[in-house]
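Engineer: Sharing a structure below in structure tokens format, with a few things to ask.
The values are calculated or read from the model by the stated rules, or taken from the named source; none is laboratory data. Treat the numbers as computed from the prediction; the structure is a model and nothing was measured. In this analysis, Cβ positions are derived from the backbone assuming ideal geometry, glycine residues included, and neighbour counts consider all displayed protein chains.
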Amino acid sequence: MNKSISSWSQRLYRQFSLMLANQPKLGYYLKPLLRWNNPQLHPDYHSARVIDFGWETEQILSVWLEPASSWSGFIPGQHLLVTLLHRGRYISRSFSISSSSAVFAQQKQIRISCRIQPEGQFTNALATAISGLTHLSISDAMGDFVFRPQSDSTPYQSTVMVAAGSGITPLWSMLSSVRCWTSPIVLFYCVKESRQAAFLTELKLLAAKQPLFRLQLIETAVSGRLDLVTELTTNADFSLSQAQYFLCGPAAMSRQYQHDLIQQGVPAAAIHTELFGLAPPGSAGPVKQALVLQQGRVNKLQATAGVSLLQLAEQQGLAPRFGCRIGVCYQCVCQKKSGQVLNLRTGQISGDGPEQIQLCISAAHSDLQIEL
Amino acid sequence: MKLTEQQLSELAAELDQVKANVMNQLGDKEARYIRRMLLTQRLSAISGRILMVLGFVTPWLWVFGVALLALAKILDNMEIGHNVLHGQYDWMNDPVLHSKRFEWDIACDAASWQRTHNFEHHTYTNIIGKDRDFGYGLLRLSNDFRWRLRNLWQLVTYLLLSTLFQWGVSYHELAGERVFFGKKKAGRVNTVNHSELKKAFFGKGARQLFKDYVFFPLIAGPMWLWVLAGNLLANLIRNLWTSTVIFCGHFTADVHTFTQAQCEGESRGHWYYRQILGSSNFTGPRWFHILTGHLSCQIEHHLFPDMPALHYLTVAPQVQAIAKKYGIAYNCGSFLRQYATVVARIIRYSFPGGKATTAYTLRT
């Protein structure tokens, strides 16, 4: 009953807003007016005040944010979409929160930490603009790469975390949020050299203070890649199948360790992964995969480089809306959620974040996710 | 003059370069411009509606209020709406300024407009039988059309269309699809079914009528009649203005038409060539261009419909030079002169005959 009243009032509000302002919500009409001097704020997201920023390492930038009261908080390990106004356009990228839930509870502040990629459009723009920024736009926190030691229904004897490079961010948020240590946690932290390791001082401090936490820093430039299974099985007391795993780093690394662990009989449900780093550049091969979401249905397309996505979608049985097919009329515009596309008319390669693309003149440049 | 395919492809390359020079530099300047436009539009709409109610202090406030509301509607429809719906600001990634989400203060549903205007009119510009914007199925504007008795009083039809322009635009797609009257034209592919067309037409129209003639008069209390009359007047001013601007862009004396055979499988160069010959520009001060939504540069708009319109004035001299180089007529004149030729054209083709306006092409 309550639900039908609320959906009814939502419909009424929508109709009212459409009538009065030709917008699905009045905010779209009023925000250009109210925020005229602060276009940095994206009308769909929460505003967050930039409190402070600093460099964790030469490459990893941390930004402290104070989200507006409309922002509903996070579970350690989750990420959010950060949106920045760069040269007139909103660009977005997702980042894991690297601060603890305690800091948010007490001071209403969160920290995001990002590795500045030499070719990353977003991260470079952020690094350049950060000293002059007063606000950023952030989405709700999302993702199920989360750690809840107390509320877990299937108790594991121990927890193994593997971080590579900036993959430490969600794991450090999890570790620094643990209030009551009941089972051991071991963290394998893989970096090229130790000077590239963010949060190392804090991690060492935690290891010294907390007997249940063990930190193992692996400098791949010195000791080579971590062989996770061998490393774990050298300890006779440790049982692989009694532990839960959190893997965070480049896709190839996560896949490898996941594969190794499953081979050793670890149940897949005990392995949590989060992919990090820039999407692999488009040169990986001529055929890309495009995931096309259409009203909740997922279609997989084999995308050939250089052929427009509209043509491919039609060849493979989908019927997206289209018009002129020459990039003029904007009928086929749709939302790209991730991945890069090549503009067939200008030869430009897009960014990796969410944005609108014209299907008739866009070809896949990497694996894609598109919503029709 | 006839251009060879080789010349047409050179023409395309030069125009593509003009476009690329602008598109590669889009950034803060354009974003600031359109946001400022949006702010001006919101401020004039709100203050206009308030001033109208204050008409009891002195009627001059009411007059000023009507002018501001008309200005808001014109900015919303032309410099903001028309251009945003073309996707000129899609690159900003802003939901308020995105072609797929934008809706405007006019009776016509935005999605319907995009199908008939962005797709039909801009793809098949001035191809007789394909571009229904050429005469809107009401006026005979070239001798490509057989003369009928009703053409005799088409000047009156034109004046009525101008007065009710927003409704003409709104009904345009339903007329083309023969939703209520007439036999469906063979070969016309409809992408949206009739019930959805009707729903969008009546839904949007009803919301607009309710807003201007029920909601705002009601909350104005004793001033309801003033507000109702003011809204009616503001809508009328907007209708006359948009109609006049659009007629001056496509129906001046020297605008050419094309046959379907001429354009079958045409090259990009030929498409550009057709856009130049199918449009006309007019001159005026800067504020005047803004009020037309830069459709005073109709030629540049038709060549580059997705280029942010504030750049049309800067690329116009380059386009004119290129047109001259290839011997393509570039139709430009003062607003009054262009409008006089529009009226003359409407009157001339009220009567049978009239000179042919079909452009020369390779296949003529």
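Engineer: In the stretch A:353-369, what count of residues is obtained for those that are touching a Leu at 6+ places or on another chain (Cβ under 7 Å), buried (at least 22 other Cβ atoms within 10 Å of the Cβ) and within 14 Å of another protein chain (Cβ to nearest Cβ)?
Structural biologist: Selection size over the stretch A:353-369: 3.
Engineer: Additional query: Looking at the stretch A:300-334, which of its residues are loosely packed, with under 15 Cβ neighbours inside 10 Å and within 14 Å of chain B (Cβ to nearest Cβ)?
Structural biologist: Scanning the stretch A:300-334 gives A:314, A:319, A:326.
Engineer: Restrict the check to the stretch A:43-60 and report whether at least one residue is in contact with a helix residue (DSSP H, G or I) (Cβ under 9 Å, 6 or more places away or on another chain) and at pLDDT below 90.
Structural biologist: Looking for residues that are in contact with a helix residue (DSSP H, G or I) (Cβ under 9 Å, 6 or more places away or on another chain) and at pLDDT below 90, one finds at least one in the stretch A:43-60, hence yes.
Engineer: Moving on to the next point. What is the one condition in (1) closer than 28 Å to residue B:139 by Cα; (2) basic (Lys, Arg); (3) modelled with pLDDT of 95 or more that residue B:207 does not satisfy?
Structural biologist: Condition not satisfied by residue B:207: (1).
Engineer: Which one of B:118, B:83 is part of a helix (DSSP H, G or I), surrounded by 22 or more Cβ atoms within 10 Å (Cβ to Cβ) and within 11 Å of chain A (Cβ to nearest Cβ)?
Structural biologist: Answer to the check: B:118.
Every residue, every condition in (1) within 27 Å of residue A:96 (Cα to Cα); (2) touching a Leu at 6+ places or on another chain (Cβ under 6 Å), yes or no:
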| position | (1), (2) |
| --- | --- |
| A:226 | yes, no |
| A:230 | no, no |
| A:234 | no, no |
| A:237 | no, no |
| A:247 | yes, no |
| A:250 | yes, no |
| A:254 | yes, yes |
| A:257 | yes, yes |
| A:263 | no, no |
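Engineer: Considering only the stretch B:124-154, how many residues are outside any loop (DSSP other than H, G, I, E, B), of a type outside the set (A, V, I, L, M, F, W, C) and crowded, with 18+ Cβ neighbours inside 10 Å? Break it down stepwise before answering.
Structural biologist: The first filter runs over the stretch B:124-154 and keeps only residues outside any loop (DSSP other than H, G, I, E, B), leaving B:127, B:149-154.
With of a type outside the set (A, V, I, L, M, F, W, C) added as a condition, the list becomes B:150-151, B:154.
Narrowing further to those that are crowded, with 18+ Cβ neighbours inside 10 Å: B:151, B:154.
Here the count works out to 2.
Engineer: So, in the stretch A:12-24, exactly how many residues are surrounded by 17 or more Cβ atoms within 10 Å (Cβ to Cβ) and not in a helix (DSSP H, G or I)?
Structural biologist: 2
Engineer: Across the stretch B:19-34, what is the number of residues that are closer than 14 Å to residue A:38 by Cα, without any contact (Cβ under 8 Å) to a residue 12 or more places away in the chain and either buried (at least 20 other Cβ atoms within 10 Å of the Cβ) or more than 7 Å from every other protein chain (Cβ to nearest Cβ) (or both)?
Structural biologist: Total meeting the criteria: 1.
Engineer: Which residues, counting only those in the stretch B:175-204, are modelled with pLDDT of 90 or more, away from chain A (no Cβ under 14 Å) and surrounded by 15 or more Cβ atoms within 10 Å (Cβ to Cβ)?
Structural biologist: If the condition is that a residue be modelled with pLDDT of 90 or more, away from chain A (no Cβ under 14 Å) and surrounded by 15 or more Cβ atoms within 10 Å (Cβ to Cβ), then B:197, B:201 are the ones that fit.
Engineer: Output the number of residues of the stretch A:81-93 satisfying the condition of being touching a residue at least 40 places away in the same chain (Cβ under 8 Å), out of contact with any Phe, Trp or Tyr (no Cβ under 7 Å at 6 or more places or on another chain) and either more than 14 Å from every other protein chain (Cβ to nearest Cβ) or more than 13 Å from residue A:47 (Cα to Cα) (or both).
Structural biologist: Going through the stretch A:81-93 one residue at a time, the tally reaches 3.
Engineer: If you don't mind, there's one more thing I want to ask. Can you work out which of the residues in the stretch A:209-257 that are small (Gly, Ala, Ser) and loosely packed, with under 15 Cβ neighbours inside 10 Å is farthest from residue A:166 (Cα to Cα)? Show your work before the answer.
Structural biologist: Start the filter on the stretch A:209-257 by keeping residues that are small (Gly, Ala, Ser), which leaves A:221, A:223-224, A:236, A:239, A:241, A:243, A:249, A:251-252, A:254.
From what is left, the residues that are loosely packed, with under 15 Cβ neighbours inside 10 Å are A:221, A:223-224, A:236, A:239, A:241, A:251-252.
Numbers: A:221: 16, A:223: 19, A:224: 18, A:236: 31, A:239: 28, A:241: 27, A:251: 13, A:252: 15 Å.
It comes out as A:236.
Engineer: Being away from chain B (no Cβ under 14 Å) and in a loop (DSSP other than H, G, I, E, B) narrows it down to one residue among A:77, A:54; which is it? Please lay out each step first, then the result.
Structural biologist: Numbers: A:54 fails: in a loop (DSSP other than H, G, I, E, B).
Within the list A:77, A:54, the selection yields A:77.
Engineer: In the stretch B:86-108, how many residues are modelled with pLDDT under 95, of a type in the set (Asp, Glu) and surrounded by 23 or more Cβ atoms within 10 Å (Cβ to Cβ)?
Structural biologist: Number of matching residues: 1.
Engineer: Exactly one condition in (1) modelled with pLDDT under 95; (2) farther than 18 Å from residue B:307 by Cβ is not met by residue B:77; state its number.
Structural biologist: (1) is the only condition that residue B:77 fails.
Engineer: Additional query: Within the stretch B:51-65, take every residue that is surrounded by fewer than 24 Cβ atoms within 10 Å (Cβ to Cβ) and touching a helix residue (DSSP H, G or I) at 6+ places or on another chain (Cβ under 7 Å) and give me the one that is farthest from residue B:22 (Cα to Cα).
Structural biologist: At the first step, the residues of the stretch B:51-65 found to be surrounded by fewer than 24 Cβ atoms within 10 Å (Cβ to Cβ) are B:51, B:53-64.
Of the ones still in play, those that are also touching a helix residue (DSSP H, G or I) at 6+ places or on another chain (Cβ under 7 Å) are B:51, B:53-56, B:61-62, B:64.
Numbers: B:51: 40, B:53: 44, B:54: 45, B:55: 46, B:56: 50, B:61: 42, B:62: 42, B:64: 38 Å.
Ranking the candidates gives B:56 first.
Engineer: Also: Does residue A:111 count as assigned to a strand (DSSP E or B), of a type in the set (Lys, Arg), crowded, with 20+ Cβ neighbours inside 10 Å and within 14 Å of another protein chain (Cβ to nearest Cβ)? Let's see the steps before the verdict.
Structural biologist: Numbers: assigned to a strand (DSSP E or B): yes; of a type in the set (Lys, Arg): yes; crowded, with 20+ Cβ neighbours inside 10 Å: yes; within 14 Å of another protein chain (Cβ to nearest Cβ): no.
For residue A:111, the condition - assigned to a strand (DSSP E or B), of a type in the set (Lys, Arg), crowded, with 20+ Cβ neighbours inside 10 Å and within 14 Å of another protein chain (Cβ to nearest Cβ) - is not met.
Engineer: OK, next. Return the pair list, or none, for Cβ contacts closer than 6 Å from residues in the stretch B:314-329 that are under 22 Å from residue B:4 (Cβ atoms) to residues that are modelled with pLDDT under 95 and among the aliphatic types (A, V, I, L, M), at least 6 apart or on different chains.
Structural biologist: From residues that are under 22 Å from residue B:4 (Cβ atoms), the pairs are B:327/B:1.
Engineer: Still on this structure, I have one more. In the stretch A:187-223, which residues are of a type in the set (D, E, K, R), closer than 17 Å to residue A:55 by Cα and outside any loop (DSSP other than H, G, I, E, B)? Even if it seems obvious, please write down each step before you answer.
Structural biologist: As a first pass, look at the stretch A:187-223 and keep what is of a type in the set (D, E, K, R): A:192-193, A:195, A:202, A:204, A:209, A:214, A:219.
Right, trim to closer than 17 Å to residue A:55 by Cα and you get A:193, A:195, A:202.
Result: A:195, A:202.
Engineer: Could you grab me the full set of residues in the stretch B:47-76 that are within 16 Å of residue B:96 (Cβ to Cβ) and either within 9 Å of chain A (Cβ to nearest Cβ) or not hydrophobic (A, V, I, L, M, F, W, C) (or both)?
Structural biologist: Scanning the stretch B:47-76 gives a single hit, B:76.
Engineer: Do we have any residue at all in the stretch A:162-172 that's in a loop (DSSP other than H, G, I, E, B) and not β-branched (Val, Ile, Thr)? Give the steps one after another, and end with the answer.
Structural biologist: Step one: filter the stretch A:162-172 for residues in a loop (DSSP other than H, G, I, E, B), giving none.
The answer is no; no qualifying residue exists.
Engineer: Just checking, does the stretch B:259-278 include any residue being surrounded by 15 or more Cβ atoms within 10 Å (Cβ to Cβ), touching a helix residue (DSSP H, G or I) at 6+ places or on another chain (Cβ under 8 Å), closer than 30 Å to residue A:14 by Cα and not polar (S, T, N, Q)?
Structural biologist: Checking the stretch B:259-278: not a single residue is surrounded by 15 or more Cβ atoms within 10 Å (Cβ to Cβ), touching a helix residue (DSSP H, G or I) at 6+ places or on another chain (Cβ under 8 Å), closer than 30 Å to residue A:14 by Cα and not polar (S, T, N, Q).
Engineer: Identify the single condition in (1) touching a Ser or Thr at 6+ places or on another chain (Cβ under 9 Å); (2) within 26 Å of residue B:83 (Cα to Cα); (3) of a type outside the set (A, V, I, L, M, F, W, C) that residue B:259 does not satisfy, given that it satisfies every other one.
Structural biologist: The one condition residue B:259 does not meet is (2).
Engineer: Yes or no: the stretch A:127-150 includes at least one residue that is hydroxyl-bearing (Ser, Thr, Tyr), under 22 Å from residue A:164 (Cβ atoms) and under 13 Å from the mean Cα position of the chain (by Cα).
Structural biologist: Looking only at the stretch A:127-150, we keep the residues that are hydroxyl-bearing (Ser, Thr, Tyr), and these are A:128, A:131, A:134, A:137, A:139.
Narrowing the set further to residues that are under 22 Å from residue A:164 (Cβ atoms) leaves none.
Among the residues of the stretch A:127-150, not one is hydroxyl-bearing (Ser, Thr, Tyr), under 22 Å from residue A:164 (Cβ atoms) and under 13 Å from the mean Cα position of the chain (by Cα), which makes the answer no.
Engineer: Only one of these conditions is not met by residue A:369: (1) within 18 Å of residue B:307 (Cα to Cα); (2) at pLDDT 80 or above. Which number is it?
Structural biologist: (1)
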